[in-house]
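The values are calculated or read from the model by the stated rules, or taken from the named source; none is laboratory data. All values derive from a computational prediction rather than experimental measurement. Quick reminder, even Gly has a Cβ in these numbers, built from the backbone with ideal geometry, and neighbours come from all protein chains shown. Calculation scope for accessible area: heavy atoms of the full protein, side chains included, ligands and nucleic acids excluded. Shrake-Rupley method; radii C 1.70, N 1.55, O 1.52, S 1.80 Å.
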Amino acid sequence: MAEQEVTLMKGNEAIAHAAIRCGADGYFGYPITPQSEVLETLAEQKPWETTGMMVVQAESELASINMVYGGAAAGKKVFTSSSSPGISLMQEGISYIAAGELPALIVNVMRGGPGLGTIQPSQSDYFQACKGGGHGDYHLIVLAPASVQEMADFVDLGWTLAFKHKNPCMILADGVIGQMMEKVVLPPFKPRRTDEEIEAECGSWATTGRKHKHNKNNIVTTLELRSEEMEVVNQRLQAKYRMLEETEVRYEAYNCEGADYLITAFGSAARIAKKAIEVAAQEGIKVGLLRPITLWPFPTKIIHELSKNVKGILSVEFNAGQMVEDVRMAAAPGVPVEHFGRLGGIIPSPDEVIEALKKKIIK
Amino acid sequence: MSNEIIIAGFGGQGVLSMGKILAYAGLMENKEVSWMPAYGPEQRGGTANVTVIVSDEPVSSPILSTYDVAIVLNQPSLDMFESKVKPGGAIIYDSYGIINPPTRKDIHIYKVDAMDTAAQLNMMKTFNMIVLGGLLKVRPMVQIEGVLKALKKTLPERHHHLIPMNEKAIEKGMEIIQEL
């Protein structure tokens, strides 16, 4: 396949192809709708025969995330994917990976909850992804793709950020982006890193074995019974999170110049909002879109700046109002911020978004 | 120019693969495309639909409120999507099993009796290609050459000998579609 070839595939398939091309060392996962194509595509591609990448269908989500924990501790490029209920099962392991300051990639193709819920698309895991999920004071870097192209691109970006900051990174997609087919240009092939390269990059912390004869043994553990020491660990983590908030915020601003109103939306909700904005423009209503690409760290500053020039903000989400809390905290005092969403796997149409904008913001 | 299409029918009629071939044909002609299935615990005989957009501009939302063309292959789909066709748009339907045909006066209504034709010609497996031929006759958004390239791309090589039969089905669809 020529490297620049434009092809048509599902978001889930793009994740799998991109991972192989990025030089992934291992995938550990358990099937669940609507993300099963990730594992299916990997099984079909058989990367163990070409790049040597390992693909394991684990016995459960708990096993998957702990295999990722182990692989990441060894400095390997490893990832898992699941959908909402499966990601809930992984939370303990995710907290350990964050506490161990390990670089791992976790893909959540969200479906409607709570509970086993529905298999239809949803964005109701925003709180879980951005505000904790597991126990303790930690953060994931959370990337929200809004196209199949971004599903492919964020695999490499996710690992780059994860290794750069020694922090787990989550791609928070939803059933729409996972299941839809669009044009995509896959990333160029990168070979898997050799043991020597891993030693050079991660030798100061990874458990790469004693063969490299460094002076100390690297130990990855998250248990620290001395509170004074544990506070130091927490302070180090918090300092990293403040640095990430300064340096790694990403967003897309669309049509914001001269806009009277602002919509905030991420992932596929942003796509629907864009259509609504096109239709509203035909009626002479000027609406801009601020799409956070990193949900954590959140683009607080830009939303604050944009809020000063608009009469109101509508946060469009496939949930009961989660990101809207961060938008409210970001907005300048006095700017009305409202939420519009559908629940349980229902995707609002562009018309419903315009109607909500008129009813809740324009009035 | 954008073509926003919903294709809806029973599972097993080839609704999703017809949409996929249309999207691939658009890709072959360097158009912007999206293919969004209503996925679910689908089974043969259940309902299935897919939204396909073939456009000269980048596609914003893959999910739509209204459509330029609705291709409806059973009564429940017709009931659901007739009201969602934009004024001046089109419905294409197969009258097999349809008790209440479309009634709107502000849209084009086309009938393509693909089910009967496929049965007569003993070509049941190319039913969806007959319907696609009908669509391309009245809305030539992609060329037949693009569709043939798409078939080559999407079908495994062991099925490439079936491409001429699919081409024949497309031509048949173009022949039998009629505006009411």
So A:Q4, is it within 18 Å of A:L143 (Cα to Cα) and assigned to a loop (DSSP other than H, G, I, E, B): no
Residues satisfying the stated conditions in region A:345-363, i.e. on the phi > 0 side of the Ramachandran plot and more than 13 Å from chain B (Cβ to nearest Cβ): A:K363
Residue within region A:23-40 that is under 22 Å from A:V68 (Cα atoms), at pLDDT 95 or above, assigned to a helix (DSSP H, G or I) and within 13 Å of another protein chain (Cβ to nearest Cβ) present: yes
The listed residue being farther than 28 Å from A:R21 by Cβ, without any contact (Cβ under 8 Å) to a residue 60 or more places away in the chain and polar (S, T, N, Q), out of A:S122, A:S82, A:S64, A:S88: A:S88
Residue count, region A:145-192 (criterion: over 30 Å from B:L22 (Cβ atoms), hydrophobic (A, V, I, L, M, F, W, C) and crowded, with 24+ Cβ neighbours inside 10 Å): 4
Residue within region B:61-72 that is surrounded by 24 or more Cβ atoms within 10 Å (Cβ to Cβ), at the interface with chain A (Cβ under 9 Å from one of its Cβ atoms), closer than 16 Å to A:P121 by Cα and more than 17 Å from the chain's Cα centre (by Cα) present: yes
Hey, A:A98 in contact with a Gly (Cβ under 8 Å, 6 or more places away or on another chain) and open to solvent by less than 10 Å² (accessible area, probe 1.4 Å) or not: yes
Hits in region B:121-154 - residues which are polar (S, T, N, Q) and crowded, with 16+ Cβ neighbours inside 10 Å: B:T126, B:N128
Residue check for A:R291: open to solvent by 10 Å² or more (accessible area, probe 1.4 Å) and in contact with a Phe, Trp or Tyr (Cβ under 7 Å, 6 or more places away or on another chain): yes
Qualifying residue in region B:1-13 (condition: over 17 Å from A:K10 (Cβ atoms), within 14 Å of chain A (Cβ to nearest Cβ), acidic (D, E) and open to solvent by less than 20 Å² (accessible area, probe 1.4 Å)): yes
Members of region A:232-268 found to be in contact (Cβ under 8 Å) with a residue 60 or more places away in the chain, over 17 Å from the mean Cα position of the chain (by Cα) and over 21 Å from A:A330 (Cβ atoms), listed by number: A:V233, A:N234, A:L237, A:K240
Some residue of region A:236-245 being outside any helix (DSSP H, G or I) and either more than 26 Å from A:A173 (Cβ to Cβ) or among the aliphatic types (A, V, I, L, M) (or both): no
Residue ID - farthest from the other protein chains (Cβ to nearest Cβ), chosen from residues in region B:28-46 that are buried (at least 18 other Cβ atoms within 10 Å of the Cβ) and free of Cβ contacts under 8 Å to residues at least 60 places away in the same chain: B:A38
Any helices (runs of 4 or more DSSP H) falling wholly within region A:61-161 and containing at least 3 residues that are hydrophobic (A, V, I, L, M, F, W, C): A:61-73, A:91-99, A:126-130
Selection status of B:V50, open to solvent by less than 10 Å² (accessible area, probe 1.4 Å), within 13 Å of chain A (Cβ to nearest Cβ), farther than 21 Å from A:T33 by Cβ and modelled with pLDDT of 95 or more: no
Inter-residue pairs, beta-carbon under 7 Å, first within 8 Å of chain B (Cβ to nearest Cβ) and in region A:269-296, second surrounded by fewer than 22 Cβ atoms within 10 Å (Cβ to Cβ) and aromatic (F, W, Y), 6+ apart: A:K274/A:Y254
Filtered residues of region A:315-334 (kept if open to solvent by 30 Å² or more (accessible area, probe 1.4 Å) and not basic (K, R)): A:A320, A:E325, A:M329, A:P333, A:G334
Residue satisfying all of: in region A:229-267; over 20 Å from A:L140 (Cβ atoms) and small (G, A, S); farthest from the other protein chains (Cβ to nearest Cβ) among these: A:G258
